[in-house]
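One structure is given here, and the rest of the page talks about it.
The values are calculated or read from the model by the stated rules, or taken from the named source; none is laboratory data. Here the structure is a predicted model, which means the values were calculated and not measured. Cβ placement follows ideal geometry from the backbone for every residue including glycine, while neighbour counts extend to all protein chains displayed.
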Amino acid sequence: MRTGACIFDLDGVLVDTAKYHFKAWKRLTDMLGIDFTENDNERLKGVSRMASLEIILEIGNMQLDERKKLEYATLKNNWYIEYISKMTPSEILPGCIRFITELKKEKILIAIGSASKNTPMILERVGIQGMFDAVADGNNITKAKPDPEVFLKAAEMIGIRPEECVVFEDAVAGVQAALNAGMMCIGIGSPEVLTKAHFVVPGLYEMNVGKLREIENVKQL
Ligand code: B16
Ligand code: MG
């Protein structure tokens, strides 16, 4: 295949917001008396806000009615917004700007495919909102990863066929979503965790257009 577009997940690929999600969930779980660890937080990566709360309630063996669930999810999000509103460009992960600039020179389109409803605010805070040809996020989808909706939406917005898109993802659910969309997926993280990705790098600092070309030539969808 020849890459027409690269679609980037946001949290864990372009910026490290997992620590702020953890801080906000931890504040809630402390309030509810649930023992919640950084290890548990790994299970929330790429998962939507409400699905994350369900996992937390399962960990705490706690049942709540829908009204309470919404109340707590909103509370967590308000705390999360308090943290991310203080983000600065220094929190963009290494290699991200350099790689995106290289892609643009090659006329490869770039888009965001994130589960987060806070995507616009994060992009604005770290100052990269103008870099993308399209942004598909939690605000314009109804089905969470591993459903392919967010990546298909991004591809549709930029007018590139799914089989010409390469997704960069750090979460298992996100890798599965990319495969479900019929796209090539480069995992960001560890190959032991992202077993289904076509190729895995530790971070975008390990990516360049030459490597992308090698991967697209060797790997079959
Ligand atoms: P929000 P991604 C995901 O973003 C996060 O990985 C996940 O931990 C979070 O629960 C989800 O966004 C929803 O975020 O509460 O801000 O809408 O990795 O898909 O960019
Ligand atoms: Mg992610």
TODO: Six or more apart or on different chains, Cβ under 6 Å: which pairs go from a residue in segment 1-17 that's more than 9 Å from ligand 2 (Cβ to nearest atom) to one that's at pLDDT below 95? Could you list them?
DONE: Met1/Glu216; Thr3/Glu216
Open item on the list: I'd like the residue in segment 88-116 that is out of contact with any Ser or Thr (no Cβ under 6 Å at 6 or more places or on another chain) and among the small types (Gly, Ala, Ser) and, out of all such residues, is farthest from ligand 1 (Cβ to nearest atom).
Closed with: Ser90
Open item on the list: Among the residues that make up segment 68-83, is at least one of them basic (Lys, Arg) and within 11 Å of ligand 1 (Cβ to nearest atom)?
Closed with: yes
Task: Scope segment 79-123; condition of a type in the set (D, E, K, R), without any contact (Cβ under 8 Å) to a residue 40 or more places away in the chain and within 25 Å of Leu152 (Cβ to Cβ); matching residues - done: Lys104, Lys107
Task: Scan of segment 122-162 for residues that are within 14 Å of ligand 2 (Cβ to nearest atom), in a loop (DSSP other than H, G, I, E, B), crowded, with 21+ Cβ neighbours inside 10 Å and of a type outside the set (Lys, Arg), ordered by number - done: Asp137
- [ ] Return yes or no: is Val172 at pLDDT below 95 and closer than 28 Å to Ser85 by Cα?
- [x] yes
- [ ] Scan segment 142-160 residue by residue and report those that are in contact with a strand residue (DSSP E or B) (Cβ under 9 Å, 6 or more places away or on another chain) and either of a type in the set (A, V, I, L, M) or closer than 16 Å to Thr3 by Cα (or both).
- [x] Val150, Phe151, Leu152, Ala154, Ala155, Glu156, Met157, Ile158, Gly159, Ile160
TODO: Would you point out the residue of segment 48-106, among those that are hydroxyl-bearing (Ser, Thr, Tyr) and part of a loop (DSSP other than H, G, I, E, B), that is surrounded by the most Cβ atoms within 10 Å (Cβ to Cβ)?
DONE: Ser48
